[in-house]
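What follows is a set of notes on a single structure, which appears directly below.
The values are calculated or read from the model by the stated rules, or taken from the named source; none is laboratory data. Since this is a predicted model, take the numbers as computed values, not measurements. With ideal geometry, Cβ positions are generated from the backbone for all residues, glycine too; neighbour counts draw on all protein chains shown. These area figures cover heavy atoms from the full protein model, side chains too; ligands, DNA and RNA do not enter into them. Shrake-Rupley method; radii C 1.70, N 1.55, O 1.52, S 1.80 Å.
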Amino acid sequence: MAAPARLKSTLALVTGGGSGIGRAVCQRLAQEGASVAVVDLSIDSANDTLRRLARDAPGQDHVALAADVSRSESVRALMEQIQSRFLAPPRVAVNSAGITRDEFLLRLSEEAFDSVLNVNLKGTFLITQAVAQSIVTSGQDGGSIINMGSIVGKVGNLGQGNYAASKAGVEGLTKTAAKELAKFGICCNTILPGFIATPMTEKVPQKVLDKFAGMIPLGRLGRPEDVADVCAFLATEDSKYITGASIEVTGGLFL
Ligand SMILES: CCCCCCCCCCCCCC(=O)CC(=O)SCCNC(=O)CCNC(=O)[C@H](O)C(C)(C)COP(=O)(O)OP(=O)(O)OC[C@H]1O[C@@H](n2cnc3c(N)ncnc32)[C@H](O)[C@@H]1OP(=O)(O)O
Ligand SMILES: NC(=O)C1=CN([C@@H]2O[C@H](COP(=O)(O)OP(=O)(O)OC[C@H]3O[C@@H](n4cnc5c(N)ncnc54)[C@H](O)[C@@H]3O)[C@@H](O)[C@H]2O)C=CC1
């Protein structure tokens, strides 16, 4: 059954749109009628997503754009490209771009720490700030900023001191943004996915997976679509009285 078109005439920006959860979010928002700016470090991956949108949601104006969310000059250039093409700011922004550089704390390098914080936390900050500023400057009446945290930011995880810190930071940043941007009608929320089957989780050693087998009450790994469905809800008017929330999409993992 086709999704209700709750996002017609809406421009949505999705970072990390070239893979996994971000790709599923692009597809889901396009199903709701949105025009989607697929943003990724890898333009090839972004174009792959764009081809799928053109196939599944023809007639809507989608675009693939390359950007490195960890660099302010790249984010600035991205916003200029979006403004010149769409003549308006995104009403919806989803920060899904993210990386892991897993290592135990006693062996964790400064470079591995910095790179994860730069992409996951600073990248979310730069996009959130740029999109919010474009909405405020344009006088548009509000918007929705949806940031990918992780259940790991809440409970921690062996080998992920950098990643957990970045995701806990995303939650704190998003709650503050929710407080500050409410007066502009901009809602800011965090999704905390659990273990979702994507290229990111393919790197988890099997012996670690074996340790957690059976720990998910709903009895299966998450799918990117499970997260994209919640993202679609947060992107639409159906969630207009929700801001500053952290929503766990985990199948009950770590309940
Ligand atoms: C079926 C349910 C799925 C649950 C999977 C568990 C993941 C936890 C939930 C995460 C949910 C959200 C995830 C997310 O936001 C997206 C991601 O971040 S995906 C990446 C998640 N990363 C990890 O969980 C780290 C996994 N560990 C490693 O990659 C390596 O261990 C590491 C690089 C840290 C070190 O490698 P190495 O030096 O080779 O050591 P070993 O791999 O041999 O490990 C030594 C020892 O420690 C145990 N161990 C390692 N990591 C974990 C862990 N996260 N949880 C529990 N135990 C862990 C490992 O099993 C070994 O135990 P032994 O008994 O000594 O063999
Ligand atoms: N897969 C999972 O189990 C979970 C994932 N998450 C988070 O969800 C988000 C998406 O994760 P997945 O789809 O699984 O990952 P993924 O690895 O499949 O996709 C991440 C995308 O981000 C892009 N990217 C990386 N660095 C970038 C940068 N500097 N600028 C722009 N794009 C960049 C990559 O090219 C890739 O296309 C991440 O923020 C991740 O931390 C959170 C909890 C669980």
Scaled to the compact-protein estimate 2.2 N^0.38 Å, what is the alpha-carbon radius of gyration of segment 37-114, rounded to two decimal places?
1.38
Averaging 1/r across every pair of distinct alpha carbons in the chain and inverting yields a Kirkwood hydrodynamic radius, in angstrom, of 18.2 Å
Ignoring ligands, DNA and RNA, what accessible area per residue does segment 198-252 give at 1.4 Å, in Å²?
64 Å²
Of every hundred units of 1.4 Å-probe accessible area on the chain, the number belonging to carbon and sulfur atoms, as a percent, is 56 percent
How much length is gained on full extension from residue 241 to residue 85, taking 0.36 nm per residue of separation minus their Cα-Cα distance?
53.1 nm
Over segment 1-71, with a single point scatterer placed on each C-alpha, what log10 of the ratio I(q)/I(0) does the Debye formula yield at q = 0.20, 0.29 1/Å?
-0.69, -1.30
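Between residue 5 and residue 155, what length comes free when the chain is fully extended (0.36 nm per residue of separation minus the Cα-Cα distance, one decimal in nm)?
Details: separation 150, 0.36 × 150 = 54.00 nm, distance 3.61 nm.
Computed gain between residue 5 and residue 155 is 50.4 nm.
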Tilt, helix 224-235 to longest principal axis of the chain (alpha-carbon atoms), in degrees rounded to tens, equals 40 degrees
What 222 nm value per residue comes from the helices of the chain, counting each DSSP H run with n ≥ 4 as -39,500 (n - 2.57) and dividing by all residues, nearest 500 deg cm²/dmol?
-13500 deg cm²/dmol
Calculated from backbone phi, Karplus (6.51, -1.76, 1.60) coupling profile of segment 79-87 in Hz, x at Gly/Pro
5, 5, 5, 5, 4, 6, 8, 9, 6
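How large is the dipole of the chain about the Cα centre if only Lys and Arg carry +1 and Asp and Glu carry -1, each at its Cβ, rounded to the nearest 20 debye?
Dipole size: approximately 280 debye.
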Label-point separation in nm, residue 111 to residue 43, each point 7 Å along Cα→Cβ:
2.7 nm
Pseudo-spin-label distance residue 129 to residue 52, built 7 Å along Cα→Cβ, given in nm, is 3.2 nm
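Over segment 44-92, average the accessible area per residue using a 1.4 Å probe and give it in Å², no decimals.
Result: 53 Å² of accessible area for each residue.
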Quick one: angle between helix 20-31 and the longest Cα principal axis of the chain, in degrees between 0 and 90, rounded to 10, please.
30 degrees
With bins 5 Å wide starting at 0, give me the P(r) of segment 210-255 over every alpha carbon pair, in whole percents.
5, 19, 24, 19, 16, 11, 5, 2, 0
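Pulled fully out, how much extra length does the chain show between residue 104 and residue 209, if you take 0.36 nm times their separation in residues and subtract their Cα-Cα distance?
36.1 nm
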Could you tell me how many degrees, from 0 to 90 and to the nearest 10, lie between the Cα long axis of helix 123-138 and the main elongation axis, the longest principal axis, of the Cα atoms of the chain?
20 degrees
Pick from 75, 155, 94: which residue has the top mean-square fluctuation in a GNM of the chain where Cα pairs under 10 Å get a spring?
155
